[in-house]
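The values are calculated or read from the model by the stated rules, or taken from the named source; none is laboratory data. Treat the numbers as computed from the prediction; the structure is a model and nothing was measured. Cβ placement follows ideal geometry from the backbone for every residue including glycine, while neighbour counts extend to all protein chains displayed. When the accessible area is computed, the model is the full protein with side chains, heavy atoms only, and any ligands, DNA or RNA have been set aside. Shrake-Rupley method; radii C 1.70, N 1.55, O 1.52, S 1.80 Å.
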Amino acid sequence: MHSWTDTLRFAFQPVVNLRTGAVAALEILARPEAGDVLAEARRDPELDGRLTVLALRAAARKETLLPLHLNVFAATLADLGGLTPLHEAVRAAGRMAWEVTLDIVPPYTHVPQRALLEAVASLRAQGFRISADGIGDGDVPLRLLTDLSPDLVKLDASLLARPAAVRAMRTLCEGLGALVAVEGVETELQCAAALSAGAQLAQGELFAPPARIPAADVYVPPLGPGAATVPRSGPSVREFVRPAAVLPLTASAGQVRALLTGSPDVSGVLLVDQYGRPVRSVHRSRFLLSMSGRYGHALYADRPAFKLGDAPRTVGVDATAWQVLDVVAVGGRDRTSDDVAVVDGHGRCVGVVRLADLVRALAESRVEEAAGLNPLTRLPGSDVIVSEVDRRISDGRAFALSWLDIDHFKQVNDGAGFAAGDELIRAVGRALQQAVAEHARVGHIGGDDFLVLAEEESLDPLVTAVLDVPWAAGGRPVTLSVATVVCGPGSVRDHHQAAAQLAPLKKAAKALNGGSWVLGRAGLPGHEVRRGGPGPAPAQTGYATAEPRW
């Protein structure tokens with residue numbers, strides 16, 4: 001009599017890193033050829049637990065390097081209190097628990113939440129990673145999602161039609177320290193939407209369909225214009241993480257050589273302790289060079305591989321690309337091509353990053369940034385400020401947006417000449433840059449208009465540093481006007497509304513005598529005059545007093 005396992009097959013679908021285009025992991029999907037085993041597994045926790053173990057064993061026969069994603073129903077974990085047989089199967093397969101991510105699948109309704117959280121805590125203590133699956137198309141309560149504190153949140157592709165929801169999930173995930181993946185991506189437009197919404201990972205038919213043999217290559221659309229724009233602090237290292245090739249610290253040089261020669265794409269091997277913490281780093285070229293010497297194999301093959309390794313270079317999962325470059329810059333030049341291990345809060349390896357990926361992304365961001373610089377001041381234009389404003393609004397962060405310009409600038413050009421006017425604009429731009437240091441963003445949006453995005457508490461020293469300067473052009477004294485709108489969380493919905501709130505403040509500042517500063521708060525009537533005295537409106541001399549041009 002045939003068992004249901006005789007007709008059960010498994011398919012593999014890659015999880016793709018949207019930044020690097022590399023396969024970050026494989027999800028193993030059960031594909032029964034007869035009967036409805038999956039429906040039975042939803043009702044039978046013991047059966048679902050067996051399916052998870054079988055999926056792990058099927059993957060172990062096909063793939064030995066990539067991290068794995070295994071599906072398990074939320075009710076199964078709550079009922080069984082964990083998956084003890086899976087932990088044993090992982091060890092038997094020669095893998096480590098932290099190489100396995102458990103995708104917790106809906107439904108969550110009627111699942112005892114305390115039991116589920118206790119089971120997840122037990123699995124996490126064993127080293128397994130946790131993913132919340134089916135978000136956006138499932139029934140997971142938001143409170144439970146935050147209590148689960150998953151390492152990864154998988155969003156249904158249908159959410160891409162609601163970008164505000166995806167941005168909100170990205171903000172939540174940043175707070176939880178989780179990555180964002182989008183499932184079911186079928187078109188290049190969906191891929192672009194996932195990338196622009198901040199997702200780091202994706203999977204779907206566009207990249208590669210589920211297959212009996214793990215895909216060696218996947219299709220990833222090229223990044224569109226602006227997709228490589230990077231905030232000043234630099235992109236997160238999470239966006240560049242590749243799967244790490246790992247072996248236990250006790251591995252012999254022969255085992256490392258077998259792994260490297262059988263996997264030409266692997267640039268190095270990390271030797272880890274029993275908890276998955278990197279102890280030594282074996283670089284491909286240096287290791288194989290040592291082994292290929294006249295007596296290399298005889299000398300090293302049966303000896304511990306760690307004798308041919310180096311101390312690993314590591315960064316935390318919250319590091320930026322620039323911080324990784326700082327780590328690479330320390331030490332000998334012969335190690336600049338070494339992979340950098342990315343570790344979690346417990347020091348366990350979650351993957352590696354390659355210098356080439358970082359340099360390529362940072363170079364693209366610099367090209368994009370340079371293209372948007374104002375040729376006169378070399379300051380970014382409005383696009384950078386607009387993007388940062390919208391980012392802060394979506395993150396629910398307060399900010400102060402200031403507009404600054406030179407009073408009666410047309411008279412400066414007419415009286416002192418265009419060269420003197422240009423030099424005055426450059427001098428104001430330099431003063432703004434020096435005043436904000438690294439605490440704010442300055443944009444030159446054309447002519448004599450500047451935008452400054454800062455925190456409210458930094459406004460007084462910033463404005464003082466600019467307004468208290470005795471400005472002059474061609475021997476003529478010049479004054480500046482500043483208008484600021486402070487936007488609290490939820491007070492504006494986008495940069496358009498912020499600009500609309502700023503426009504009347506600009507007009508009020510221009511109506512004052514001398515150097516002036518007017519401050520208002522979004523959503524509240526009136527404004528505060530912090531600098532400048534009352535006086536007649538300036539004569540119409542041809543200079544603009546329209547709304548901010550951004």
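Things to note:
- Among residues of the stretch 95-129, those that are touching a strand residue (DSSP E or B) at 6+ places or on another chain (Cβ under 6 Å), more than 17 Å from D79 (Cα to Cα) and not basic (K, R), counted: 3
- Qualifying residue in the stretch 48-59 (condition: open to solvent by 20 Å² or more (accessible area, probe 1.4 Å), modelled with pLDDT under 95, under 27 Å from the mean Cα position of the chain (by Cα) and within 30 Å of S267 (Cβ to Cβ)): no
- Exactly one residue among G198, G204 is surrounded by fewer than 23 Cβ atoms within 10 Å (Cβ to Cβ), touching a residue at least 40 places away in the same chain (Cβ under 8 Å) and at positive phi, and that residue is G204.
- Residue satisfying all of: in the stretch 373-410; in contact with a strand residue (DSSP E or B) (Cβ under 8 Å, 6 or more places away or on another chain), modelled with pLDDT of 85 or more and more than 25 Å from A164 (Cβ to Cβ); surrounded by the fewest Cβ atoms within 10 Å (Cβ to Cβ) among these: D407
- If you go through the stretch 6-47 and pick out every residue that is of a type in the set (A, V, I, L, M), in contact (Cβ under 8 Å) with a residue 24 or more places away in the chain, in a helix (DSSP H, G or I) and surrounded by fewer than 22 Cβ atoms within 10 Å (Cβ to Cβ), you end up with 1.
- Flag set for R124, criterion: of a type outside the set (A, V, I, L, M), without any contact (Cβ under 8 Å) to a residue 24 or more places away in the chain, over 23 Å from K62 (Cα atoms) and surrounded by 18 or more Cβ atoms within 10 Å (Cβ to Cβ).
- Within the stretch 147-166, the set of residues being hydrophobic (A, V, I, L, M, F, W, C), touching a strand residue (DSSP E or B) at 6+ places or on another chain (Cβ under 9 Å) and in contact (Cβ under 8 Å) with a residue 40 or more places away in the chain comprises L148, L152, L155, A157.
- Matching residues in the stretch 400-448 - criterion: being within 17 Å of W517 (Cβ to Cβ) and either free of Cβ contacts under 8 Å to residues at least 12 places away in the same chain or in a strand (DSSP E or B) (or both): A400, L401, S402, W403, L404, D405, I406, V442
- Selection status of A498, part of a helix (DSSP H, G or I) and closer than 21 Å to E457 by Cα: yes
- Against the numbered list (1) farther than 18 Å from I393 by Cβ; (2) open to solvent by less than 10 Å² (accessible area, probe 1.4 Å); (3) without any contact (Cβ under 8 Å) to a residue 60 or more places away in the chain, G520 comes up short only at (1).
- Filter pass, V111 being part of a helix (DSSP H, G or I) and either at pLDDT 90 or above or open to solvent by 40 Å² or more (accessible area, probe 1.4 Å) (or both): no
- Boolean, G347 is open to solvent by 20 Å² or more (accessible area, probe 1.4 Å), modelled with pLDDT of 80 or more, in a loop (DSSP other than H, G, I, E, B) and not β-branched (V, I, T): yes
- Scanning the stretch 411-442 for residues that are open to solvent by 50 Å² or more (accessible area, probe 1.4 Å) and among the polar types (S, T, N, Q), we see that the one that is nearest to T171 (Cα to Cα) is Q433.
- Filter pass, E118 being among the acidic types (D, E), modelled with pLDDT under 95 and more than 25 Å from G198 (Cβ to Cβ): no
- Residue list for the stretch 246-277, restricted to those being part of a helix (DSSP H, G or I) and either under 21 Å from V340 (Cβ atoms) or not aliphatic (A, V, I, L, M) (or both): G254, Q255, V256, R257, L259, L260, T261, G262
- Counting only residues that are surrounded by 19 or more Cβ atoms within 10 Å (Cβ to Cβ) and touching a helix residue (DSSP H, G or I) at 6+ places or on another chain (Cβ under 8 Å), the stretch 268-290 holds 9 of them.
- From the list V485, V466, V529, the one residue that fits, being in a strand (DSSP E or B), among the hydrophobic types (A, V, I, L, M, F, W, C) and surrounded by 17 or more Cβ atoms within 10 Å (Cβ to Cβ), is V485.
- Residue list for the stretch 237-290, restricted to those being under 30 Å from the mean Cα position of the chain (by Cα) and among the aromatic types (F, W, Y): F240, Y275
- With respect to the stated conditions, L77 fails to be open to solvent by less than 40 Å² (accessible area, probe 1.4 Å), free of Cβ contacts under 8 Å to residues at least 60 places away in the same chain and either assigned to a strand (DSSP E or B) or of a type in the set (V, I, T) (or both).
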